[in-house]
Amino acid sequence: MNRIVILVIEDEPEVREAIARDLQSFTGHFQVELAEDVQDARTVMDEVTTGGDRVGLALCDHLLPGERGVDYLVELNEEAATRSIRKVLITGQAGLEDTIRAVNEADLDHYVAKPWTVENLHDVVRGQLTDFVIDNEDDLLPYVSVLDGARLMAAIAERGFDR
Amino acid sequence: MALTKRPVRMSLKGKLSRPVGLVLGAIVFTLPYVVEFEGLSVAGHRIFSVFLLAIVLWVTEAIPLHATAALIILLEILLISDKALPPLPAGFEAPSFSTFFASLAHPVLMLFLGGFFLADGAAKFRLDQNMARVLLRPFGDSPTRIMLGLMLITAAFSMFMSNTATTATLMAVVLPVIATLAPEDRLRTGLALSIPVAANIGGIGTPVGTPPNAIAVGSLADAGISISFVQWMVMAVPMMVVLLLIAWYLLTRLFPARERSLQLTIHATFDKSRPAQVFYVTFAVTVALWMTEPLHGISSSIVGFLPVVILLATRVFSARDLQSVQWHVLWLVAGGIALGIGVNASGLDAWLVGLVGFESIGKALLILALASVALLLSTFISNSATANLLIPIGLSLALSDAVAATPSLVAFFIAIGASLAMALPVSTPPNAIAFSTGAVNTRDLAVTGSIIGVTGLVLYVFAAPLLWDLTGVTP
């Protein structure tokens, strides 16, 4: 089945696991893939695409070994194939300049400051995935019970028709 | 938590149905070319092919519903019009090919287009959401009364908007409430079901309520029988209200509330911009003209074109808005109308009627049978496709000397039978929406949907005619 993937890019294993745990309530409908750095993220992205799935949301740390998170988000925004991915920076150490670059050049959708709360992360992921499915999916019904149902209903009201 | 994967799609529209539908379609299409049916003309044979193909394609959805409609129009032109290939034998008065193209701009489609403009405008200026919130206020905070309010409002809206859009709009109001209820509170299910049920029932109320009604009105117009907007409402609305109240009572019994009071967000801010005001006035004038047809005599389809002209001329609707009209729904209706024209012109209808000894069936039984078949069929396939396939047959039966039932009643009851089908998630998009919330399971839907469907059928077929006699509005 064609699934939507949440890609988490975080180098510290404990933090990565914590994010994955906090996203558990989404795993019934979405697949969570973990990457430890940008290189790894590219590999995951390739696997996802070859498997017929696609990434809908990238949750990305900034300070990573090797390439920086913001640079990767800019790269995602420049490629036509990955532009529709919702981009969220989840970090404690992005300076003002990096953040500005993320907003202007990566079309950043949200900034989550560490440490985050489960509720906050949930709300952000729910909201971003709702935006993604409204923009990219024909059939919204499978997502009503897990994402922002009221907003999905409004979108369905616009495009739904009697058969 | 149970996963809402896509059970909605599984039954008839699985991956296999496409190739199976196409192959089966090709086989049934060739059948009348291979087998010669006694007493059926050459044109009749050809349209029989088209009809059989339409059944297969509309049931399996091997190609989209509206594509089947377009295919029917093309095939009819190629097979039985004055441009037919090979030409039909002399003596057969082939209809002009433009007759079939004209079904795409049939008057009833203009009526429907007007309905689309009103519905799209209501959504654009959030009139629907605001009205829903304002109208809910008087119903207070008791769960059962709120449910009644929701159902009345949903039904009223869905008389003019599509059942699907109405359901989604009202569901957006209700979902936040459902989220606050305890998981074991049955009211969750009751609320989630009340909206699609009311939308399905409300669609019966006017000719623009839902496509099957348009197909009925359009096919009747082609048979020379005109039904006005008000006439339809007089026939449909009283029983609609009764059925709505029965459905409400049933839902409150089946899904009793634990919570004593509910908090609804009822903030409403009406758009007061100039375009919005133009729209409000246009809406009111159009509906008023529809309701007063007996006074001024302007047919509802002509009135339907009025909001189209006004809203485009005042730039309240842009070219983009015009583009976003759901033309495919109109085309689906056109396909049914074109099929009816072909079936009638080719003489297939008379032949089909002569095939079975319908003299033995009484009028009432015929109507009950057709409405039941419509109910059953549209539980599984599209309501519009059901009406498209059954109304031409029903009308030819009604018009034949052997049966002589009132044609308008036959078309009316088939359309209503199709709307009453709501026992499965696949039955109608509103049901699929309710199902998607996760608050409703298949069993809840099956129990509620079949009770309401059968009750509605009995009410309409048996009680409605008595009421018409009583009030002297017999069509």
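Spatially close Lys pairs in the protein assembly as shown, defined by Cα atoms under 18 Å apart and a spacing of eight or more places or different chains, total 4.
What does the helix-only formula give at 222 nm for the protein assembly as shown: each DSSP H stretch with n ≥ 4 adding -39500 (n - 2.57), the total divided by the residues, and the result rounded to the nearest 500 deg cm²/dmol? Mind dumping the intermediate values first?
Numbers: 30 runs with 402 residues, N = 638.
For the protein assembly as shown, the value works out to -20000 deg cm²/dmol.
Using the Cβ-Cβ distance between B:Val234 and A:Asp107 with R0 = 41 Å, the FRET efficiency computed as 1/(1 + (r/R0)^6) comes to roughly 0.15.
Between the DSSP loop rule and a limit of at most 14 other Cβ atoms within 10 Å, which GluC sites (Glu not before Pro) in segment B:32-76 are left? Please report the intermediate quantities before stating the final value.
Values: sites: B:Glu36, B:Glu38, B:Glu61, B:Glu76; in loops: B:Glu36, B:Glu38, B:Glu61.
For GluC sites (Glu not before Pro) across segment B:32-76 that sit outside H, G, I, E and B with at most 14 neighbouring Cβ atoms in 10 Å, the list reads B:Glu36, B:Glu38.
Cβ crowding within 10 Å, taken as a proxy for footprinting-reagent exposure, orders B:Ser324, B:Ser346 from fewest neighbours to most as B:Ser324, B:Ser346.
Relative to the longest principal axis of chain B, what angle (0 to 90°, nearest 10) does the C-alpha long axis of helix B:163-180 take? Once rounded, one gets 30 degrees.
If Rh is defined by the Kirkwood formula over all Cα pairs and Rg also comes from Cα, what ratio Rg/Rh do you get for chain B? Can you show the working numbers first?
Values: Rg = 22.6 Å, Rh = 23.1 Å.
Here the Rg-to-Rh quotient is 0.98.
Tell me the net charge near B:Ser273. Cut-off is 14 Å between Cβ atoms, B:Ser273 excluded, with +1 for each Lys or Arg and -1 for each Asp or Glu. With Lys, Arg at +1 and Asp, Glu at -1, the neighbours total +4. Placing pseudo-labels 7 Å out from each Cα toward the beta carbon at B:Arg258 and A:Arg42 gives an inter-label distance of 5.4 nm. Model label sites at B:Glu38 and B:Gln277, defined 7 Å from Cα along the beta-carbon direction, differ in position by 7.5 nm. Applying the Karplus relation 6.51 cos²θ - 1.76 cosθ + 1.60 with θ = phi - 60° to segment A:107-119 yields 3J(HN,Hα) values of 6, 4, 8, 7, 10, 10, 8, 7, x, 9, 9, 4, 4 Hz, where x marks Gly and Pro.
Across segment B:298-425, counting alpha-carbon atoms alone, Rg and Dmax equal 18.1, 59 Å. The angle separating the long axis of helix A:69-78 from the principal Cα axis of greatest extent in chain A is about 50 degrees. Here the convex hull built on the C-alpha positions of segment B:143-282 has a volume of 122 cubic angstrom per residue. When A:Arg101, B:Arg258 are sorted by how many other C-beta atoms sit within 10 angstrom of their C-beta, beginning with the fewest, the order is B:Arg258, A:Arg101.
Give the order of A:Ile156, B:Ile391 when sorted by the count of other beta carbons within 10 angstrom, beginning with the fewest.
Values: A:Ile156 26, B:Ile391 30.
Fewest-to-most ranking of A:Ile156, B:Ile391: A:Ile156, B:Ile391.
Kirkwood-type hydrodynamic radius, the protein assembly as shown: 26.7 Å, calculated from all non-identical alpha-carbon pairs.
Tell me, what does the Kirkwood hydrodynamic radius of segment A:4-159 come to in angstroms if you use every pair of distinct C-alpha atoms?
Taking every pair of different Cα atoms in segment A:4-159, averaging 1/r and inverting gives 15.7 Å.
Between B:Phe101 and B:His296, the distance separating the two model label sites (each 7 Å from Cα on the Cα→Cβ line) works out to 3.3 nm.
For the residues of B:430-437, the average number of beta carbons from a partner chain within 10 Å of their own beta carbon is 5. Measuring r between the beta carbons of B:Val473 and A:Ile100 and using R0 = 56 Å, the FRET efficiency lands at 0.20.
On C-alpha positions alone, give me the angle between the axis of helix B:274-291 and the longest principal axis of chain B, in degrees, nearest 10. Relative to chain B, helix B:274-291 is tipped by roughly 60 degrees.
What full-extension length gain, to one decimal in nm, is calculated for B:Ile246 and B:Ala463 as 0.36 nm per residue of separation minus the Cα-Cα distance? Show your work: numbers first, answer last.
Details: separation 217, 0.36 × 217 = 78.12 nm, distance 1.41 nm.
Computed gain between B:Ile246 and B:Ala463 is 76.7 nm.
Mean partner shielding of peptide B:167-179, defined as the number of other chain Cβ atoms within 10 Å of each residue Cβ, is 5.
The residue among B:Ala192, B:Ala268, B:Leu254 whose Cα reaches farthest toward the positive pole of the charge dipole of chain B, with charges on the beta-carbon of Lys, Arg, Asp and Glu, is B:Ala268.
Coordinate-derived values only; no laboratory data. Model, not experiment: these values are computed from the prediction. Using ideal geometry, Cβ is built from the backbone for each residue, glycine included, and neighbour counts are taken over all protein chains shown.
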